[in-house]
Amino acid sequence: MIKVVIIGAGNVATHLYHCFREATDLDVVQVFNRNKDHLDFVKEPEKRVTDLSEIAEADLYLIAIKDEAIQDLAGKLKLKKGIVVHTSGSQDMQTLAGFDNYGVFYPLQTFSITKAVNFKEIPICLEANSEENLEFLKKTAALVSDKIFEVNSEQRRALHVSAVFVNNFSNHLFALAEDYCKQNQLPFEILRPLIKETVSKIETLDPYSAQTGPALRNDHKTIAAHLEMLDEDRKKIYTILTESIQNFHGKKL
């Protein structure tokens, strides 16, 4: 049985707790957060910890907190054994170099506390300061996911940037479209099948080949008509994305 301490109480920490709690051969012995009110998701009250000095011995310590707080917290952790990892996509593994055994356990997914996810389908990107520690992390990750990748810190940062494009930026575009629909008394529901098909299509086509639309067709008339309909902020975004598509595909404005 692998004993785990989770440090944090945000979206990632909450999902890791529920996932690890249900996994075979994993035992979440404690969950730490300075504010006890944030630990209500931990079903066993005795496992809620608010003082770093009370953290128990474990095989794995998962730091799942804001990126800017990792280094400071790591400096305050006094551990006798176990591997310490963070779950950040953008922080270097060496942030934890003060420990003898350390690494990264990065589940690449968007997490919301109210939305359940299937961890078996979530890619987990691993890095460690030794082959032995890497093998331990692979063994642990395999208990919760079928998609395990060895990724170094530089690659992980590039992956994190890519994730911002496909998730955060695309979701912002969905939000802008929903708001624009509301302004025109249209239900956003009409666009949901299009969104689903757009995502589904890249299961069989690469995104470059899946591109469609007026920018790709170099349809000046439609582009001009769209720009006339938009406010200044959306007009800027529309123009930037149109130019990006055309430059990427070798088209001329």
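The values are calculated or read from the model by the stated rules, or taken from the named source; none is laboratory data. On a predicted model such as this, the values are computed, not experimentally measured, just so you know. Cβ: placed from backbone, ideal geometry, glycine included. Neighbour counts: every protein chain shown. Accessible surface areas use protein heavy atoms only, side chains included; no ligands, DNA or RNA. Shrake-Rupley method; radii C 1.70, N 1.55, O 1.52, S 1.80 Å.
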Once the dipole of the chain is set up with Lys and Arg at +1 and Asp and Glu at -1 on Cβ about the Cα centre, which of Pro214, Leu176, Ile124 lies farthest towards its positive end?
Pro214
For the stretch 13-81, which trypsin sites (Lys or Arg not before Pro) are both in a DSSP coil and crowded by at most 14 other Cβ atoms within 10 Å?
Arg34, Lys43, Lys66, Lys78, Lys80, Lys81
Two-decimal ratio, the stretch 149-253, of alpha-carbon radius of gyration to 2.2 N^0.38 Å
1.23
For the stretch 111-157, with equal point scatterers placed on the C-alpha atoms only and solvent neglected, what are the log10 I(q)/I(0) values from the Debye formula at q = 0.28 1/Å, to two decimals?
-1.01
How far is it, in nm, from the label point at Glu189 to the one at Ala225 when both lie 7 Å from their Cα along the line to the Cβ?
2.7
Using 20 Å as the Cα-Cα cut-off, could you pick out the over-long pairs in Lys3/Lys115; Lys3/Lys43; Lys43/Lys66?
Lys3/Lys115; Lys43/Lys66
When N is the residue count of the stretch 207-253, what does its C-alpha Rg come to as a fraction of 2.2 N^0.38 Å?
1.11
What do you get for trypsin sites (Lys or Arg not before Pro) in the stretch 192-253 restricted to DSSP loop and a cutoff of at most 11 other Cβ within 10 Å of the site's Cβ?
Lys252
On the protein heavy atoms, probe 1.4 angstrom, tell me the percent of accessible surface of the chain carried by carbon and sulfur.
52
Unsatisfied cross-links (Cα-Cα over 29 Å) in the set Lys80/Lys147; Lys47/Lys138; Lys120/Lys201; Lys182/Lys251; Lys78/Lys147; Lys36/Lys182
Lys80/Lys147; Lys182/Lys251; Lys78/Lys147; Lys36/Lys182
Over the C-alpha atoms of the chain, what are the Rg and the largest Cα-to-Cα span, Dmax, in Å?
22.2, 68
Let me spell out the model: positive unit charges on the Cβ of Lys and Arg, negative unit charges on the Cβ of Asp and Glu, origin at the Cα centre of the stretch 1-96. What dipole size does that give, in debye rounded to 20?
160
Using just the alpha carbons, could you tell me how many Å³ per residue the convex hull of the stretch 1-143 encloses?
105
With DNA, RNA and ligands ignored, accessible area of Glu243 (1.4 Å probe; Å², nearest 10)
70
Let me know the charge dipole size of the chain about its Cα centre in debye, to the nearest 20, where only the beta-carbon of Lys, Arg (+1) and Asp, Glu (-1) is charged.
460
Among chymotrypsin sites (Phe, Trp or Tyr not before Pro) in the stretch 58-111, those in a DSSP loop whose Cβ has at most 15 other Cβ atoms within 10 Å are none
Out of Thr110, Val42, Val12 - ranked by how far each Cα lies towards the positive end of the dipole of the chain, with unit charges on the beta-carbon of charged residues - the top one is Thr110
Neighbourhood charge, 15 Å Cβ-Cβ cut-off, centred on Cys125 and excluding it, Lys, Arg +1 and Asp, Glu -1
-2
